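This report refers to the structure that appears directly beneath it.
The values are calculated or read from the model by the stated rules, or taken from the named source; none is laboratory data. Quick caveat: nothing in here was measured; it's all calculated off a predicted structure. Methodologically, a virtual Cβ is constructed for each residue, glycine included, from the backbone with ideal geometry; neighbour enumeration extends over all protein chains shown.
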Amino acid sequence: MKGTTPPVVWANDHIQIIDQTLLPTEVKIIEIRNAAQAVDAIQRLAIRGAPALGAFGSLALVVALDEVQPSSLAEAKSRLEECRTLIGDARPTAVNLRWAVDRVIDQATNDARDLTSLRTALISEAHAVAAEDEAACNEIGRLGHELLRDASVIGTHCNAGRLATAGTGTALAPMYAKAEAGEPLRVLASETRPLLQGARLTAWELDDAGIDVTVVPDSAMASTVLSGQVDAYIVGADRIAANGDAANKIGTVGHALASREAGIPFYVAAPTSTIDIALATGNHIEIEQRDAIEVHEIGGSRLTPQGVTASNPAFDVTPNHLITAIITEAGVLRAPFEDSIAEALSRVGSP
Ligand code: MRU
(Lines give C-alpha, C1' and ligand atoms only; values in the text may rest on other atoms or scores of the structure.)
Protein backbone atom coordinates (compact mmCIF):
# COMPACT_ATOMS: atom_id res chain seq x y z
CA MET A 1 0.00 0.00 0.00
CA LYS A 2 0.96 3.64 -0.23
CA GLY A 3 0.60 3.33 3.51
CA THR A 4 3.13 0.51 3.86
CA THR A 5 5.65 3.34 3.96
CA PRO A 6 6.26 3.38 7.73
CA PRO A 7 5.19 6.68 9.30
CA VAL A 8 8.70 7.16 10.76
CA VAL A 9 11.95 6.32 8.90
CA TRP A 10 15.53 6.96 10.05
CA ALA A 11 17.67 8.17 7.14
CA ASN A 12 21.18 8.27 8.74
CA ASP A 13 21.19 11.97 9.58
CA HIS A 14 17.51 12.94 9.55
CA ILE A 15 14.02 11.51 10.07
CA GLN A 16 11.47 11.11 7.28
CA ILE A 17 7.78 11.14 8.10
CA ILE A 18 4.57 11.21 6.12
CA ASP A 19 2.95 14.58 6.87
CA GLN A 20 -0.35 13.19 8.19
CA THR A 21 -2.02 16.61 8.14
CA LEU A 22 -2.09 16.41 4.33
CA LEU A 23 -3.60 12.91 4.02
CA PRO A 24 -5.49 11.68 2.08
CA THR A 25 -5.14 14.50 -0.46
CA GLU A 26 -1.37 14.34 -0.62
CA VAL A 27 1.17 11.72 0.43
CA LYS A 28 4.11 13.96 1.23
CA ILE A 29 7.29 12.87 2.97
CA ILE A 30 8.90 15.61 5.04
CA GLU A 31 12.39 15.69 6.58
CA ILE A 32 13.02 16.44 10.24
CA ARG A 33 16.54 17.73 10.89
CA ASN A 34 16.39 19.53 14.24
CA ALA A 35 14.53 19.74 17.55
CA ALA A 36 12.30 22.67 16.53
CA GLN A 37 11.09 20.80 13.44
CA ALA A 38 10.47 17.69 15.56
CA VAL A 39 8.41 19.56 18.15
CA ASP A 40 6.48 21.35 15.41
CA ALA A 41 5.70 18.03 13.65
CA ILE A 42 4.44 16.54 16.93
CA GLN A 43 2.35 19.57 17.88
CA ARG A 44 0.65 20.06 14.54
CA LEU A 45 0.02 16.28 14.25
CA ALA A 46 2.18 15.71 11.16
CA ILE A 47 3.20 12.67 13.23
CA ARG A 48 0.65 11.36 15.70
CA GLY A 49 -0.72 8.27 17.44
CA ALA A 50 0.77 7.27 20.79
CA PRO A 51 3.25 4.53 19.72
CA ALA A 52 4.36 6.43 16.59
CA LEU A 53 5.06 9.44 18.81
CA GLY A 54 7.30 7.21 20.94
CA ALA A 55 9.21 5.95 17.88
CA PHE A 56 9.52 9.47 16.47
CA GLY A 57 10.46 11.15 19.77
CA SER A 58 13.29 8.60 20.24
CA LEU A 59 14.85 9.48 16.88
CA ALA A 60 14.20 13.19 17.39
CA LEU A 61 16.78 13.01 20.20
CA VAL A 62 19.45 12.12 17.65
CA VAL A 63 18.73 15.06 15.33
CA ALA A 64 18.46 17.35 18.36
CA LEU A 65 21.92 16.22 19.47
CA ASP A 66 23.50 16.47 15.98
CA GLU A 67 22.09 19.96 15.63
CA VAL A 68 24.16 21.38 18.50
CA GLN A 69 27.40 19.51 17.55
CA PRO A 70 28.46 18.99 21.17
CA SER A 71 32.20 19.05 21.82
CA SER A 72 32.15 16.90 24.98
CA LEU A 73 30.15 14.06 26.48
CA ALA A 74 29.02 16.35 29.30
CA GLU A 75 27.71 18.90 26.79
CA ALA A 76 25.86 16.16 24.88
CA LYS A 77 24.27 14.82 28.07
CA SER A 78 23.12 18.28 29.04
CA ARG A 79 21.53 18.73 25.58
CA LEU A 80 19.70 15.41 26.03
CA GLU A 81 18.44 16.53 29.45
CA GLU A 82 17.09 19.66 27.78
CA CYS A 83 15.34 17.45 25.17
CA ARG A 84 13.78 15.27 27.88
CA THR A 85 11.25 18.07 28.37
CA LEU A 86 11.48 19.87 25.02
CA ILE A 87 10.58 16.72 23.05
CA GLY A 88 9.15 14.49 25.80
CA ASP A 89 6.52 17.06 26.78
CA ALA A 90 5.65 18.27 23.26
CA ARG A 91 2.21 16.67 23.73
CA PRO A 92 1.02 15.73 27.23
CA THR A 93 -1.49 12.87 26.97
CA ALA A 94 0.23 10.07 25.00
CA VAL A 95 2.52 8.54 27.60
CA ASN A 96 4.48 6.61 24.93
CA LEU A 97 6.26 9.84 23.97
CA ARG A 98 7.55 10.56 27.48
CA TRP A 99 8.22 6.87 28.13
CA ALA A 100 10.31 6.43 24.97
CA VAL A 101 12.27 9.68 25.40
CA ASP A 102 13.13 8.78 29.02
CA ARG A 103 14.05 5.21 28.07
CA VAL A 104 16.32 6.18 25.17
CA ILE A 105 18.11 8.97 27.08
CA ASP A 106 18.60 6.83 30.20
CA GLN A 107 19.88 3.79 28.30
CA ALA A 108 22.18 5.73 25.98
CA THR A 109 23.69 7.97 28.65
CA ASN A 110 24.33 4.92 30.86
CA ASP A 111 26.12 3.01 28.10
CA ALA A 112 28.10 5.79 26.43
CA ARG A 113 31.79 6.43 27.04
CA ASP A 114 32.29 9.05 24.31
CA LEU A 115 30.32 11.13 21.83
CA THR A 116 30.37 8.49 19.09
CA SER A 117 29.15 5.71 21.34
CA LEU A 118 26.45 8.02 22.75
CA ARG A 119 25.03 8.69 19.28
CA THR A 120 25.24 5.00 18.36
CA ALA A 121 23.47 4.04 21.59
CA LEU A 122 20.69 6.58 20.99
CA ILE A 123 20.03 5.22 17.51
CA SER A 124 20.16 1.62 18.62
CA GLU A 125 17.75 2.16 21.53
CA ALA A 126 15.41 4.16 19.29
CA HIS A 127 15.39 1.25 16.83
CA ALA A 128 14.67 -1.12 19.74
CA VAL A 129 11.65 0.99 20.76
CA ALA A 130 10.28 0.76 17.22
CA ALA A 131 11.04 -2.96 16.82
CA GLU A 132 9.33 -3.78 20.12
CA ASP A 133 6.29 -1.77 19.06
CA GLU A 134 6.13 -3.62 15.75
CA ALA A 135 6.23 -6.95 17.62
CA ALA A 136 3.58 -5.72 20.08
CA CYS A 137 1.29 -4.77 17.18
CA ASN A 138 1.66 -8.28 15.75
CA GLU A 139 0.73 -9.90 19.05
CA ILE A 140 -2.18 -7.48 19.61
CA GLY A 141 -3.34 -8.36 16.10
CA ARG A 142 -3.18 -12.07 16.86
CA LEU A 143 -5.00 -11.81 20.20
CA GLY A 144 -7.57 -9.33 18.87
CA HIS A 145 -8.23 -11.55 15.88
CA GLU A 146 -9.12 -14.43 18.22
CA LEU A 147 -11.52 -12.20 20.18
CA LEU A 148 -13.13 -10.75 17.05
CA ARG A 149 -13.42 -13.99 15.05
CA ASP A 150 -17.23 -13.86 15.05
CA ALA A 151 -17.49 -10.10 14.52
CA SER A 152 -17.85 -8.95 10.93
CA VAL A 153 -18.93 -5.33 11.42
CA ILE A 154 -16.48 -3.56 13.70
CA GLY A 155 -16.51 0.05 14.88
CA THR A 156 -13.41 2.11 15.58
CA HIS A 157 -12.60 5.74 16.39
CA CYS A 158 -9.69 7.99 15.41
CA ASN A 159 -6.73 6.19 13.82
CA ALA A 160 -4.91 3.43 15.66
CA GLY A 161 -3.39 1.72 12.65
CA ARG A 162 -0.15 1.66 10.66
CA LEU A 163 -0.01 5.43 10.63
CA ALA A 164 -0.10 5.55 14.42
CA THR A 165 2.47 2.88 15.30
CA ALA A 166 5.70 1.25 14.14
CA GLY A 167 3.72 -1.79 12.97
CA THR A 168 0.25 -2.75 11.81
CA GLY A 169 -1.47 -0.74 14.52
CA THR A 170 -3.22 -1.49 17.77
CA ALA A 171 -7.00 -1.29 17.18
CA LEU A 172 -6.49 -1.89 13.45
CA ALA A 173 -4.04 -4.80 13.78
CA PRO A 174 -6.88 -7.34 14.34
CA MET A 175 -8.63 -5.95 11.24
CA TYR A 176 -5.53 -6.66 9.14
CA ALA A 177 -5.36 -10.16 10.67
CA LYS A 178 -9.03 -10.82 9.88
CA ALA A 179 -8.61 -9.57 6.32
CA GLU A 180 -5.53 -11.75 5.86
CA ALA A 181 -7.50 -14.77 7.11
CA GLY A 182 -10.18 -14.02 4.50
CA GLU A 183 -12.90 -13.45 7.11
CA PRO A 184 -15.84 -11.17 6.27
CA LEU A 185 -15.12 -7.68 7.56
CA ARG A 186 -16.62 -4.23 7.34
CA VAL A 187 -15.12 -1.45 9.43
CA LEU A 188 -17.15 1.56 10.54
CA ALA A 189 -14.76 4.46 11.09
CA SER A 190 -16.21 7.42 12.94
CA GLU A 191 -14.98 10.62 11.36
CA THR A 192 -13.34 11.99 14.56
CA ARG A 193 -14.00 15.73 14.64
CA PRO A 194 -12.27 18.12 14.76
CA LEU A 195 -9.16 16.79 12.99
CA LEU A 196 -10.90 13.89 11.23
CA GLN A 197 -8.36 11.14 11.87
CA GLY A 198 -11.09 8.53 11.22
CA ALA A 199 -12.39 10.05 8.00
CA ARG A 200 -8.96 10.96 6.64
CA LEU A 201 -6.48 8.43 8.04
CA THR A 202 -8.31 5.24 9.02
CA ALA A 203 -10.37 5.37 5.83
CA TRP A 204 -7.21 5.96 3.77
CA GLU A 205 -5.11 3.18 5.23
CA LEU A 206 -7.87 0.54 5.37
CA ASP A 207 -9.11 1.32 1.88
CA ASP A 208 -5.56 1.14 0.62
CA ALA A 209 -5.23 -2.31 2.20
CA GLY A 210 -8.41 -3.45 0.43
CA ILE A 211 -10.51 -3.52 3.63
CA ASP A 212 -14.16 -2.48 3.35
CA VAL A 213 -14.43 0.74 5.36
CA THR A 214 -17.41 3.06 5.82
CA VAL A 215 -16.97 6.53 7.31
CA VAL A 216 -19.75 7.42 9.75
CA PRO A 217 -20.31 10.90 11.20
CA ASP A 218 -19.48 10.98 14.92
CA SER A 219 -23.06 12.08 15.53
CA ALA A 220 -24.46 8.97 13.75
CA MET A 221 -22.37 6.37 15.52
CA ALA A 222 -24.46 5.88 18.68
CA SER A 223 -27.69 5.26 16.75
CA THR A 224 -25.83 2.92 14.38
CA VAL A 225 -24.58 0.89 17.34
CA LEU A 226 -27.98 0.91 19.08
CA SER A 227 -29.73 -0.28 15.93
CA GLY A 228 -27.72 -3.49 16.12
CA GLN A 229 -25.56 -2.90 13.05
CA VAL A 230 -22.21 -3.23 14.86
CA ASP A 231 -20.82 -6.49 16.32
CA ALA A 232 -17.94 -5.06 18.35
CA TYR A 233 -15.92 -1.91 18.98
CA ILE A 234 -12.16 -1.57 19.22
CA VAL A 235 -10.13 1.58 19.83
CA GLY A 236 -6.56 2.50 20.74
CA ALA A 237 -5.35 4.41 23.79
CA ASP A 238 -2.96 7.22 24.65
CA ARG A 239 -2.57 6.51 28.35
CA ILE A 240 -4.05 3.80 30.54
CA ALA A 241 -4.13 4.24 34.31
CA ALA A 242 -3.32 1.46 36.79
CA ASN A 243 -7.05 0.74 37.21
CA GLY A 244 -7.69 0.38 33.46
CA ASP A 245 -9.30 3.79 32.84
CA ALA A 246 -8.18 4.62 29.30
CA ALA A 247 -7.57 8.00 27.66
CA ASN A 248 -8.12 8.04 23.92
CA LYS A 249 -9.24 10.48 21.23
CA ILE A 250 -12.10 12.77 22.23
CA GLY A 251 -15.41 11.03 21.56
CA THR A 252 -14.25 7.55 22.54
CA VAL A 253 -16.29 7.48 25.75
CA GLY A 254 -19.49 8.04 23.77
CA HIS A 255 -18.76 4.95 21.68
CA ALA A 256 -18.08 2.98 24.87
CA LEU A 257 -21.42 4.07 26.37
CA ALA A 258 -23.31 3.13 23.21
CA SER A 259 -21.55 -0.25 23.10
CA ARG A 260 -22.50 -0.95 26.73
CA GLU A 261 -26.13 -0.02 26.02
CA ALA A 262 -26.19 -2.21 22.88
CA GLY A 263 -24.55 -5.13 24.71
CA ILE A 264 -21.58 -5.40 22.33
CA PRO A 265 -17.95 -5.76 23.44
CA PHE A 266 -15.84 -2.61 23.70
CA TYR A 267 -12.13 -3.40 23.43
CA VAL A 268 -9.14 -1.14 24.02
CA ALA A 269 -5.97 -2.24 22.21
CA ALA A 270 -2.60 -0.86 23.32
CA PRO A 271 0.97 -1.95 23.99
CA THR A 272 2.04 -2.08 27.63
CA SER A 273 4.13 1.07 26.94
CA THR A 274 0.80 2.95 26.97
CA ILE A 275 0.13 1.94 30.59
CA ASP A 276 1.06 4.57 33.18
CA ILE A 277 1.20 2.56 36.37
CA ALA A 278 2.05 5.72 38.35
CA LEU A 279 -1.51 7.00 37.86
CA ALA A 280 -4.06 5.24 40.06
CA THR A 281 -7.07 6.31 37.99
CA GLY A 282 -7.91 8.11 34.78
CA ASN A 283 -8.79 11.26 36.76
CA HIS A 284 -5.06 11.97 36.95
CA ILE A 285 -4.48 11.82 33.18
CA GLU A 286 -3.61 15.21 31.71
CA ILE A 287 -5.92 15.97 28.78
CA GLU A 288 -4.37 18.01 25.99
CA GLN A 289 -6.37 21.16 25.22
CA ARG A 290 -5.79 22.22 21.63
CA ASP A 291 -6.26 25.50 19.81
CA ALA A 292 -9.91 26.48 19.35
CA ILE A 293 -9.16 27.27 15.69
CA GLU A 294 -9.37 23.49 14.99
CA VAL A 295 -13.05 23.63 15.99
CA HIS A 296 -13.77 26.98 14.38
CA GLU A 297 -12.44 25.95 10.97
CA ILE A 298 -12.45 23.02 8.56
CA GLY A 299 -9.77 23.13 5.85
CA GLY A 300 -9.14 26.80 6.54
CA SER A 301 -12.82 27.81 6.17
CA ARG A 302 -14.55 29.39 9.15
CA LEU A 303 -17.64 27.50 10.42
CA THR A 304 -18.53 29.39 13.58
CA PRO A 305 -19.55 33.02 14.00
CA GLN A 306 -16.65 35.40 14.72
CA GLY A 307 -16.44 36.14 18.42
CA VAL A 308 -17.89 32.89 19.81
CA THR A 309 -15.62 30.65 21.85
CA ALA A 310 -14.92 26.97 21.20
CA SER A 311 -13.60 24.25 23.47
CA ASN A 312 -11.15 21.67 22.09
CA PRO A 313 -10.14 18.88 24.49
CA ALA A 314 -8.20 16.35 22.40
CA PHE A 315 -8.87 13.26 24.54
CA ASP A 316 -11.38 11.77 26.95
CA VAL A 317 -11.16 9.00 29.53
CA THR A 318 -13.25 5.86 29.25
CA PRO A 319 -13.90 4.46 32.74
CA ASN A 320 -12.72 0.90 33.22
CA HIS A 321 -16.22 -0.52 33.82
CA LEU A 322 -17.12 0.28 30.19
CA ILE A 323 -14.13 -1.68 28.85
CA THR A 324 -14.65 -5.38 28.06
CA ALA A 325 -10.92 -6.08 27.83
CA ILE A 326 -7.61 -4.37 27.17
CA ILE A 327 -5.67 -6.19 24.46
CA THR A 328 -1.90 -5.87 24.99
CA GLU A 329 1.15 -7.77 23.73
CA ALA A 330 1.29 -9.31 27.22
CA GLY A 331 -2.19 -10.79 26.97
CA VAL A 332 -5.89 -9.93 27.06
CA LEU A 333 -6.50 -8.08 30.32
CA ARG A 334 -9.89 -8.16 32.03
CA ALA A 335 -11.42 -6.77 35.22
CA PRO A 336 -10.30 -6.40 37.92
CA PHE A 337 -7.83 -4.37 35.85
CA GLU A 338 -5.67 -3.36 38.83
CA ASP A 339 -4.66 -7.02 39.07
CA SER A 340 -4.51 -7.96 35.38
CA ILE A 341 -2.50 -4.81 34.53
CA ALA A 342 -0.02 -5.38 37.37
CA GLU A 343 0.44 -9.01 36.28
CA ALA A 344 0.91 -8.03 32.61
CA LEU A 345 3.56 -5.45 33.53
CA SER A 346 5.43 -7.97 35.60
CA ARG A 347 5.36 -10.43 32.65
CA VAL A 348 7.04 -7.84 30.39
CA GLY A 349 9.48 -6.85 33.14
CA SER A 350 8.13 -3.33 33.65
CA PRO A 351 8.06 -1.94 37.22
O1 MRU B 1 -4.35 13.24 18.47
P2 MRU B 1 -3.91 11.93 17.90
O3 MRU B 1 -4.28 11.76 16.47
O4 MRU B 1 -2.45 11.67 18.17
O5 MRU B 1 -4.73 10.85 18.73
C6 MRU B 1 -4.46 9.50 18.48
C7 MRU B 1 -5.36 8.58 19.23
O8 MRU B 1 -6.18 8.97 20.03
C9 MRU B 1 -5.12 7.11 19.01
O10 MRU B 1 -6.30 6.39 19.15
C11 MRU B 1 -4.10 6.60 20.04
O12 MRU B 1 -2.96 7.39 20.05
C13 MRU B 1 -3.71 5.19 19.79
S14 MRU B 1 -2.70 5.01 18.35
C15 MRU B 1 -2.28 3.38 18.22
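What about residue 132, is it of a type outside the set (A, V, I, L, M) and surrounded by fewer than 18 Cβ atoms within 10 Å (Cβ to Cβ)?
Working: of a type outside the set (A, V, I, L, M): yes; surrounded by fewer than 18 Cβ atoms within 10 Å (Cβ to Cβ): no.
It is false that residue 132 is of a type outside the set (A, V, I, L, M) and surrounded by fewer than 18 Cβ atoms within 10 Å (Cβ to Cβ).
Under 6 Å by Cβ, and 6 or more places apart or on different chains, what pairs join a residue from the range 147-175 that is of a type in the set (Ser, Thr, Tyr) and modelled with pLDDT of 95 or more with one that is within 10 Å of the ligand (Cβ to nearest atom) and part of a loop (DSSP other than H, G, I, E, B)?
Final answer for the pair search is 156/171; 170/160; 170/236; 170/270.
Just to check your reading of the model, which residue among 106, 13, 89 is away from the ligand (no atom under 16 Å from the Cβ) and either part of a loop (DSSP other than H, G, I, E, B) or closer than 24 Å to residue 248 by Cβ (or both)?
On the way: 106 fails: either part of a loop (DSSP other than H, G, I, E, B) or closer than 24 Å to residue 248 by Cβ (or both); 89 fails: away from the ligand (no atom under 16 Å from the Cβ).
When all the criteria are applied, what remains is 13.
Need pairs with beta-carbon distance below 9 Å; first residue in contact (Cβ under 8 Å) with a residue 24 or more places away in the chain and more than 16 Å from residue 285 (Cα to Cα) and within the range 79-106, second in a loop (DSSP other than H, G, I, E, B) and within 16 Å of the ligand (Cβ to nearest atom); sequence gap 6+ or separate chains.
Here the result reads 100/88; 101/87; 101/88; 101/89; 105/88, each pair linking the range 79-106 to a residue that is in a loop (DSSP other than H, G, I, E, B) and within 16 Å of the ligand (Cβ to nearest atom).
Can you name the residue in the range 248-278 that is in a helix (DSSP H, G or I) and closer than 21 Å to residue 55 by Cβ and, of all such residues, is nearest to the ligand (Cβ to nearest atom)?
Our first condition is that a residue be in a helix (DSSP H, G or I); within the range 248-278, this holds for 252-262, 272-274.
From the residues that got through so far, the ones that are closer than 21 Å to residue 55 by Cβ too are 272-274.
On the way: 272: 13, 273: 11, 274: 7 Å.
Only one residue fits best here, namely 274.
Looking only at the range 93-103, count how many residues are more than 11 Å from the ligand (Cβ to nearest atom) and not aliphatic (A, V, I, L, M).
Let us first name the residues in the range 93-103 that are more than 11 Å from the ligand (Cβ to nearest atom), namely 98-103.
Those still in the list that are not aliphatic (A, V, I, L, M) too: 98-99, 102-103.
Looking only at that region, the number is 4.
Go through the range 220-247 and report how many residues are touching a strand residue (DSSP E or B) at 6+ places or on another chain (Cβ under 9 Å) and part of a helix (DSSP H, G or I).
Step one: filter the range 220-247 for residues touching a strand residue (DSSP E or B) at 6+ places or on another chain (Cβ under 9 Å), giving 220-221, 224-225, 229-242, 244-247.
When the remaining residues are screened for being part of a helix (DSSP H, G or I), the result is 220-221, 224-225.
Residues in the range 220-247 being touching a strand residue (DSSP E or B) at 6+ places or on another chain (Cβ under 9 Å) and part of a helix (DSSP H, G or I): 4 in total.
Would you check which residues across the range 200-239 are under 19 Å from the mean Cα position of the chain (by Cα) and among the polar types (S, T, N, Q) and list them? Walk me through it before giving the result.
Step one: filter the range 200-239 for residues under 19 Å from the mean Cα position of the chain (by Cα), giving 200-206, 233-239.
Within the range 200-239, 202 is the sole residue that qualifies.
Would you please name the residue that is farthest from the ligand (Cβ to nearest atom), looking only at residues in the range 289-333 that are farther than 17 Å from residue 170 by Cα and in contact with a Gly (Cβ under 6 Å, 6 or more places away or on another chain)?
Step by step, filter the range 289-333, then rank; the result is 320.
Among the residues of the range 303-351, which ones are assigned to a helix (DSSP H, G or I), among the polar types (S, T, N, Q) and more than 21 Å from residue 144 (Cβ to Cβ)? Even if it seems obvious, please write down each step before you answer.
Here is the first cut: in the range 303-351, the ones assigned to a helix (DSSP H, G or I) are 320-322, 337-347.
Next, only the ones that are among the polar types (S, T, N, Q) stay: 320, 340, 346.
Hit for the range 303-351 is 346, nothing else.
Looking only at the range 46-74, filter to residues that are within 16 Å of the ligand (Cβ to nearest atom) and part of a loop (DSSP other than H, G, I, E, B); which one of those is nearest to residue 134 (Cα to Cα)?
Looking at the filtered set, the residue picked out is 49.
Let's see how each residue does on (1) without any contact (Cβ under 8 Å) to a residue 40 or more places away in the chain; (2) surrounded by 15 or more Cβ atoms within 10 Å (Cβ to Cβ); (3) β-branched (Val, Ile, Thr):
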{"position": "261", "(1), (2), (3)": "yes, no, no"}
{"position": "271", "(1), (2), (3)": "no, yes, no"}
{"position": "279", "(1), (2), (3)": "no, yes, no"}
{"position": "288", "(1), (2), (3)": "no, yes, no"}
{"position": "299", "(1), (2), (3)": "yes, no, no"}
{"position": "309", "(1), (2), (3)": "yes, no, yes"}
{"position": "314", "(1), (2), (3)": "no, yes, no"}
{"position": "327", "(1), (2), (3)": "no, yes, yes"}
{"position": "333", "(1), (2), (3)": "no, yes, no"}
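Taking the residues in the range 153-204 that are in contact with a helix residue (DSSP H, G or I) (Cβ under 9 Å, 6 or more places away or on another chain) and of a type in the set (Lys, Arg) as candidates, determine which candidate is nearest to the ligand (Cβ to nearest atom).
By that ranking, first place goes to 162.
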